[in-house]
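Participant: Before I ask anything, here is the structure I am working with.
None of the figures in this text is laboratory data; all of them are computed from the coordinates on show. Because the structure is predicted, anything quoted here is derived from the model rather than measured. With ideal geometry, Cβ positions are generated from the backbone for all residues, glycine too; neighbour counts draw on all protein chains shown.
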Amino acid sequence: MRSFSTCHPATNFIFYMSAVIFGMIFLHPVFLCISFLTSTAYNIKLKGAKGLKMLFFLAVPLTLFTGIVNGLTSHYGITVLASLPDGNSLTLESIVYGVVTGLTASAVITWFSCLNETLTSDKILYLTAGKMPKTALIITMALRFAPLYLQKAKEIQQAQKGLGTGVTDGSIIGKIKNGGKIISVLISRALENGIETSDSMKARGYGLKPKTNYSNYVFTSYDAVIISLTLLCDAFVIAGAAKGVTYVLYNPFFKVNQVTAFSGAVFIFYGALCLIPLITDLGEDLKWKALK
Amino acid sequence: MESIKIKNFSFSYPLKNEKALKNINLSVNPGEYVVICGKSGCGKTTLLKHLKPVLAPHGERKGEILFGSKDIFTVPLREQTEKIGYVMQDPDNQTVTDKVFHEIAFGLENLGLDSSSIRLRAAEMAEYFGISSLFEKDTAKLSGGQKQLLNLASVMAMHPDILILDEPVSQLDPVAASDFLGTVNKINKELGVTVIITEHRLEEIFPAADKIIVMDKGEIKYSGTPSDAGSRLSGELSFMFRAFPSPMRIYSITGDNTLPCPVTVRDGRQWLSSLINNPTETEIIREKQKKNEKAIELRDIYFRYEKKEENILKGVSAVFEEGKITAVLGGNGAGKSTLLNIIGGIYKPLFGKVKKKNIKISLLPQQVQSLFTEKTVKEDLLRIGKDYKEAAEITEITRILDCHPYDISGGERQRAALCKVLMTDPDVLLLDEPTKGMDAEFKEAFASVLKKLAQQGKTVITVSHDIEFCACHCHVCMMLFDGKIVSSKEAKEFFAGNMFYTTAAHRMSRNIFKNAVTDREVYKLCKKNLK
């Protein structure tokens, strides 16, 4: 096995699409717990201490907060726990629903945090390039532009400071003027240099047809296996949802369908789906140890 | 492989009466290494651009350029892209994408190759150019030399028959420059690719060149082998004298034409030993310079940029005297520019002291483009003060006062930048790599401006890689190594003591003369011995 981040962008993309969409729409407590726990576990696996930080400083406070706020502001539900000073009643259902909202949001945010680590900007660009090659090229050029011109801005500021006309020199109005000059120079330089860049593009045949898009990523049989597994689990989960396995009611009272052998299987498939990245990564770790 | 033949070609830019190219006749055979040299603005770039029609400027053309048997302007874009590679001067501007591998792939994508062929070619290029460790890096994070190698690699990935290079190393430091030029040689010798190159630094490309073309004012003045060109340096090519390599210059001033002209230092040594058999005078006697008052004193300067990095400067102590031009030499990343910025007060040292009187210090940065903020040179100067005339005359820029600072040539821009810095009326002038990209002619003029300033009692401190310049024109040389000043001597004495880090004239004459450092000194000793 090899880690999820080394997989083809398409593999990563299909997985995260499934995880994020299911995570957002299934509010059934079992589904919710699976999504929250697996995303958090994978996030900790990927980022270590930073993942733990996210759990304790983002997910937990967020869930508590939504639970408390929803409990204090919504008053539906039949299980009254207490009476609030303003005469409304505090109900179990509204607190539970608040917690559910908090958990859903936390799970989705955590999935995105994992996505950020494994589906890097290059991979996203590669996915865009197939459909929109021009947009993808513009993004690539912009990605080069930002750090380059930040560096140039610094260079100009230093040069101007050497003459006593930098942003830190003179009165307040002088400082603003000097700063404005630096920005205007930066813009005219970008335009000037742009002419040369376009020459360089022409010299290397930009505009010839047909153009291809190169990618550094190779689609392997391993990717095919992972994608098949993802889609298989997706199919089962969707079938389960169609049969009402994911049905849940929080208002006015809590209600789910009875757990059957079928719904148990759907839970297992959903769990398997969400564990794919964690299992591939742990698999790689184990293999590493075995080889050493 | 196609050859290029230029027949009676002339070109003029729109709305200009004078022709930029006049009656050019030239043929380049497959696999040849051709060097085009000439002063700034002699039409080299214009000529090169016509060899890649997609880059050719608008204007009136006469005569023809043949690529193989076809008129080059009828060659379709696909064939041009594949067969004629073009590398430009600025390493940054010709980079298109954000990742190294994508940059190499860019041209191949345009040609419509599939991913697996692109992968193979990119791999081949990365290995050949020694940039495979950078393959997945951001292009913005590469050094200038790495960027230019990447630009070369991305052009070579298309497997061109002809490689055109327009001053490719003028923005690079000497180490990166010789690395780059070495790769170009390898491409020519190992792959048989035709190379057409323009460059100011001729020492490194002459030994590899098959043919030298000398241009002046849009015309070809000379075409022949390097050695033959050298033997005409005292005659018809005298206007190029300063630009040619040291051995050729020394050969031409001794006026001895019985032996062939040496091109490299090795040839130069052989020539010199066959010229002078029993040297009687082997030493130049120099007067000691008198000590001037201290302008700036550095005491135990420590500095680093990031908290967790190592110190770049580790206890620099130095004294800079008034009325002298002092050069600080050292390798790449030795901290030379950092030191200048500390003297200029742009960075504060972590530890140590910069002792100076209440004096005005101005800094000429490496990228002089950063100094200009206005629409014309004149307006830019007016930002510093009203009285620009005197400084403009000293730096000889009165002709270009109304031009846009980006429209003037590199050498002119350097001059205008110097003018702007001089107008701040500094007591201490700091120069960061001032001779980069300058042609030999202007270097001389630049040096005389610096000498004038020194005579007025001003202190000039320059950081440079240009050994020849420092040896000829500086008073004191210092060597910065491992964060410290390891040596500080009078310039000529400094170079006379070195074996590698010294001028070509000294390397060439070291086995015969004890301490001749400049061309003139070698010539003087030759003359004494030949009498």
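Participant: Taking each residue in B:116-122, count the Cβ atoms of any other chain within 10 Å of its Cβ, then average. What number comes out? Could the numbers behind the result be given before it?
Facilitator: On the way: counts 2, 2, 5, 4, 0, 1, 2.
Per residue, the average neighbour count from other chains is 2.
Participant: Under the Kirkwood approximation for Rh and a Cα-based Rg, what ratio Rg/Rh is obtained for segment B:267-371? Intermediate results must be reported in sequence, preceding the final value.
Facilitator: Numbers: Rg = 20.2 Å, Rh = 17.3 Å.
Rg/Rh: 1.16.
Participant: Need the list of aspartates and glutamates near A:Lys255 for cross-linking: C-alpha distance under 18 angstrom, and skip anything on the same chain fewer than eight residues off.
Facilitator: A:Glu93
Participant: So if R0 is 30 Å, what FRET efficiency would B:Leu530 and B:Phe481 give, r being the distance between their Cβ atoms, rounded to the nearest 0.05? Each step should come with its number before you reach the end.
Facilitator: On the way: r = 39 Å, r/R0 = 1.31.
That gives a FRET efficiency of 0.15.
Participant: Here is a further query. What is the sum of charges around A:Gly51, taking Lys and Arg as +1, Asp and Glu as -1, for the other residues whose C-beta is under 15 Å from the C-beta of A:Gly51?
Facilitator: On the way: positive: A:Lys45, A:Lys47, A:Lys50, A:Lys53; negative: A:Glu117, A:Asp281.
Its environment carries a net charge of +2.
Participant: To continue, here is another question. Which value results for Rg/Rh of segment A:130-203 when Rg is the Cα radius of gyration and Rh the Kirkwood radius based on the inverse mean 1/r? Could you put the intermediate results ahead of the total?
Facilitator: Numbers: Rg = 16.2 Å, Rh = 14.1 Å.
Reported Rg/Rh, Kirkwood definition of Rh: 1.14.
Participant: As a test of the formula, what do you get for chain A when each DSSP H run with n ≥ 4 contributes -39,500 (n - 2.57) and the sum is divided by the residue count, at 222 nm and rounded to the nearest 500 deg cm²/dmol?
Facilitator: Values: 10 runs with 209 residues, N = 292.
Taking each H run of at least 4 residues, the total per residue is -25000 deg cm²/dmol.
Participant: Another question about this same structure. Is segment B:394-453 rounded, prolate or oblate when judged by the Cα gyration tensor, a ≥ b ≥ c being the square roots of its eigenvalues, rounded requiring a/c under 1.5 and prolate requiring a/b larger than b/c? Can you show the working numbers first?
Facilitator: Values: a/c = 1.64, a/b = 1.21, b/c = 1.35.
Taking the square roots of the gyration eigenvalues as a ≥ b ≥ c, segment B:394-453 is oblate.
Participant: Which of A:Asn193, A:Asn251, A:Asn116 moves the most in a Gaussian network model of chain A with Cα springs under 10 Å?
Facilitator: Evaluated over chain A, the most mobile residue of the options is A:Asn193.
Participant: Mind checking A:147-159 for the average number of partner chain beta-carbons within 10 Å of each residue's beta-carbon? Before the final figure, lay out the partial values.
Facilitator: On the way: counts 5, 8, 1, 1, 3, 4, 1, 1, 5, 7, 2, 8, 15.
Mean shielding count: 5.
Participant: Also: Using a ≥ b ≥ c from the Cα gyration tensor of segment A:164-288 (square roots of the eigenvalues), is it rounded, prolate or oblate, where a/c under 1.5 gives rounded and otherwise the larger of a/b and b/c decides, a/b for prolate? List each step's numbers first, then the result.
Facilitator: Values: a/c = 3.27, a/b = 1.95, b/c = 1.68.
It comes out prolate by the Cα gyration axes.
Participant: Under a point-charge model restricted to the Cβ atoms of Lys and Arg (+1) and Asp and Glu (-1), what is the dipole moment magnitude of chain A relative to its Cα centre, in debye to the nearest 20? Let's see the in-between values first.
Facilitator: Numbers: 25 positive and 14 negative charges, 207 e Å.
Computed charge dipole of chain A: roughly 1000 debye.
Participant: Would you tell me the mean number of C-beta atoms belonging to other protein chains that fall within 10 Å of each C-beta in A:132-144, as a whole number? Could the numbers behind the result be given before it?
Facilitator: Working: counts 0, 1, 0, 0, 0, 5, 0, 2, 8, 4, 1, 6, 11.
Partner-chain Cβ atoms within 10 Å, mean over residues of A:132-144: 3.
Participant: Would you calculate a helix-derived [θ] at 222 nm for chain B, using -39,500 (n - 2.57) for each DSSP H run of n ≥ 4 and dividing by the full residue count, to the nearest 500? Could the numbers behind the result be given before it?
Facilitator: Details: 18 runs with 177 residues, N = 531.
The helix-only estimate for chain B comes to -9500 deg cm²/dmol at 222 nm.
Participant: Explain nothing, just the number: dipole magnitude of the protein assembly as shown about its Cα centre with +1 on each Lys and Arg Cβ and -1 on each Asp and Glu Cβ, in debye rounded to the nearest 20.
Facilitator: Numbers: 99 positive and 83 negative charges, 279 e Å.
Computed charge dipole of the protein assembly as shown: roughly 1340 debye.
Participant: Past 31 Å, Cα to Cα: identify those pairs from A:Lys202/B:Lys443; A:Lys152/A:Lys202; A:Lys154/B:Lys314, in the order given.
Facilitator: Numbers: A:Lys202/B:Lys443 35 Å; A:Lys152/A:Lys202 25 Å; A:Lys154/B:Lys314 25 Å.
In this structure, A:Lys202/B:Lys443 lie more than 31 Å apart at Cα.
Participant: Need one number: % antiparallel among DSSP beta bridges in chain B, to the nearest 5. Spell out each step's value before the answer.
Facilitator: Working: 38 of 72 bridges.
Roughly 55 percent of the beta bridges in chain B run antiparallel, per DSSP.
Participant: With viscosity set to 0.890 mPa s and temperature to 25 °C, compute the Stokes-Einstein D of segment B:433-531, Rh being the Kirkwood radius across alpha carbon pairs; µm²/s, no decimals.
Facilitator: Working: Rh = 14.7 Å.
Translational diffusion coefficient: 167 µm²/s.
Participant: Let me ask something else about it. Answer rounded, prolate or oblate for the protein assembly as shown, using the Cα gyration tensor with square roots of eigenvalues a ≥ b ≥ c: rounded when a/c is under 1.5, else prolate when a/b is larger than b/c, else oblate. It would help to have the intermediate numbers written out before the result.
Facilitator: On the way: a/c = 2.50, a/b = 1.83, b/c = 1.37.
It is prolate, given that a/c is not under 1.5 and a/b is the larger ratio.
Participant: Of the options A:Ser121, A:Ile95, A:Ile182, report the single residue whose Cα projects farthest towards the positive end of the charge dipole of segment A:64-201 (beta-carbon charges: Lys, Arg +1; Asp, Glu -1).
Facilitator: Value computed over the given set: A:Ile182.
Participant: Using +1 at the C-beta of Lys and Arg and -1 at the C-beta of Asp and Glu, which of B:Ser488, B:Ser12, B:Val155 has the Cα lying farthest in the positive direction of the dipole of chain B?
Facilitator: B:Ser488
Participant: Further question on the same structure: Of the DSSP beta bridges with both residues in the protein assembly as shown, give the percent that are antiparallel, rounding to the nearest 5. Each step should come with its number before you reach the end.
Facilitator: Details: 43 of 77 bridges.
Roughly 55 percent of the DSSP beta bridges within the protein assembly as shown come out antiparallel.
Participant: Using all alpha carbons of segment B:208-310, what is the percent of pairwise distances in each 10 Å bin, ordered from the shortest bin to the longest?
Facilitator: In order of increasing distance, the bins hold 11, 29, 18, 13, 20, 8, 0 percent.
Participant: Springs between alpha-carbon atoms under 10 Å, Gaussian network over chain A: tell me which of A:Thr101, A:Thr110, A:Thr79 tops the mean-square fluctuations.
Facilitator: With Cα springs under 10 Å in chain A, the top fluctuation among A:Thr101, A:Thr110, A:Thr79 is at A:Thr79.
Participant: For chain B, treating each Cα as an identical point scatterer without solvent, what Debye log10 I(q)/I(0) comes out at q = 0.07, 0.12 1/Å?
Facilitator: Values, matching the q order: -0.44, -1.30.
Participant: Using only the Cα atoms of chain A, what do you get for the radius of gyration and for Dmax, in Å?
Facilitator: Looking at chain A, its Cα Rg and Dmax stand at 26.7, 80 Å.
Participant: For B:Ser362, what charge total do you get from the other residues with a beta carbon under 11 Å from its beta carbon, if Lys and Arg give +1 and Asp and Glu give -1?
Facilitator: Overall, the nearby charge balance is +2.
Participant: Right, next: Using the structure shown, select from B:Lys452/B:Lys492; B:Lys357/B:Lys378; B:Lys324/B:Lys353 the pairs with a Cα to Cα distance greater than 29 angstrom. Walk me through the numbers on the way to the answer.
Facilitator: Working: B:Lys452/B:Lys492 20 Å; B:Lys357/B:Lys378 32 Å; B:Lys324/B:Lys353 22 Å.
The pairs that break the limit, which is 29 Å between Cα atoms, are B:Lys357/B:Lys378.
Participant: For segment A:103-159 and segment B:186-236, what is the separation of their Cα centres, given in Å?
Facilitator: Rounded to whole Å, the Cα centres lie 46 Å apart.
Participant: For segment A:53-163, build the charge dipole from Cβ charges (+1 Lys, Arg; -1 Asp, Glu) around the Cα centre, then report which of A:Phe57, A:Leu148, A:Ile78 sits farthest towards its positive end.
Facilitator: Checking the options against the dipole of segment A:53-163, the answer is A:Leu148.
Participant: Now for a separate question. Report the rotationally averaged projected area of segment B:108-179 based on its alpha-carbon convex hull, in square nanometres. It would help to have the intermediate numbers written out before the result.
Facilitator: Details: hull surface 21.8 nm².
Answer in nm², one decimal: 5.4.
Participant: Tell me the net charge near B:Asn515. Cut-off is 10 Å between Cβ atoms, B:Asn515 excluded, with +1 for each Lys or Arg and -1 for each Asp or Glu.
Facilitator: Values: positive: B:Arg286, B:Lys492, B:Arg510, B:Lys514; negative: B:Glu283, B:Glu493, B:Glu521.
Around B:Asn515, the surrounding residues sum to +1.
Participant: What's the magnitude of the charge dipole for segment A:130-203 around its Cα centre, counting Lys and Arg as +1 and Asp and Glu as -1 at the beta-carbon? Answer in Debye, nearest 20.
Facilitator: Working: 11 positive and 5 negative charges, 43 e Å.
Approximately 200 debye in magnitude.
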